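This report concerns only the one structure given below.
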């Protein structure tokens, strides 16, 4: 099992950026922190990883914005629970549109709900893209830096990450931390 880390290193080096790209489209917060850990370990290039994470997140947000703009009303009719959440958000979006376009990644469920709500409100697409790209850039840099420093801190506490078990425990801790944070954020009302 000790050699597993050395066996997966070439795989992460070869396919890691694709994983970062797809991961930020699907579940960005966990992915960027794990990306920072991989950058710390030298398995991924830091600068390119940040750019790939930004691209994945912006593409994801564009998808949700356009879905909200052109298809939300029809689709939300099929999901009453989601419709209720989105309508609550939409009613509050008008006065805070710029801030929500900029900060959607920092709020629980914001990466999905706010772009949909802004699209439904016909918030200007160019303005959304500008603010969203700026917010995602801050989010990606902060998240990858957090992962990088978690790798550094883990090494200082426990020694060099040499085995797959150590890496797995660190990633599990990140996933648990993100889950706990999101669960805590969920209790806050938007």
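The values are calculated or read from the model by the stated rules, or taken from the named source; none is laboratory data. Everything numeric here is computed off the predicted structure, so don't read it as measured data. No Cβ is skipped: glycine too gets one built from the backbone with ideal geometry, and neighbour counts run over all protein chains shown.
To keep it simple, each residue is scored yes or no on (1) crowded, with 17+ Cβ neighbours inside 10 Å; (2) farther than 26 Å from residue 16 by Cα; (3) in contact (Cβ under 8 Å) with a residue 12 or more places away in the chain.
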position	(1), (2), (3)
78	no, yes, no
83	no, yes, no
95	no, yes, no
99	no, yes, no
114	yes, yes, yes
133	yes, no, yes
141	no, no, yes
144	yes, no, yes
149	no, no, yes
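Condition check ((1) modelled with pLDDT under 90; (2) under 14 Å from residue 139 (Cβ atoms); (3) touching a helix residue (DSSP H, G or I) at 6+ places or on another chain (Cβ under 9 Å)) across all residues:
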{"position": "16", "(1), (2), (3)": "yes, no, yes"}
{"position": "26", "(1), (2), (3)": "yes, no, yes"}
{"position": "29", "(1), (2), (3)": "yes, yes, yes"}
{"position": "37", "(1), (2), (3)": "yes, no, yes"}
{"position": "41", "(1), (2), (3)": "yes, no, yes"}
{"position": "48", "(1), (2), (3)": "no, no, yes"}
{"position": "56", "(1), (2), (3)": "no, yes, yes"}
{"position": "61", "(1), (2), (3)": "no, yes, yes"}
{"position": "64", "(1), (2), (3)": "no, no, yes"}
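Taking residue 84, is it in contact with a helix residue (DSSP H, G or I) (Cβ under 8 Å, 6 or more places away or on another chain) and over 23 Å from residue 28 (Cα atoms)? No; evaluated as a whole, the condition is false for this residue. Residue 125 meets all of the listed conditions (1) touching a residue at least 60 places away in the same chain (Cβ under 8 Å); (2) surrounded by fewer than 22 Cβ atoms within 10 Å (Cβ to Cβ); (3) farther than 23 Å from residue 180 by Cα; (4) within 15 Å of the chain's Cα centre (by Cα) but one, namely (4). Of all residues in the range 53-71, none are surrounded by fewer than 17 Cβ atoms within 10 Å (Cβ to Cβ) and either within 18 Å of residue 147 (Cβ to Cβ) or touching a strand residue (DSSP E or B) at 6+ places or on another chain (Cβ under 8 Å) (or both). For the structure I just gave you, tell me whether residue 32 is buried (at least 18 other Cβ atoms within 10 Å of the Cβ) and assigned to a helix (DSSP H, G or I). Yes, satisfied.
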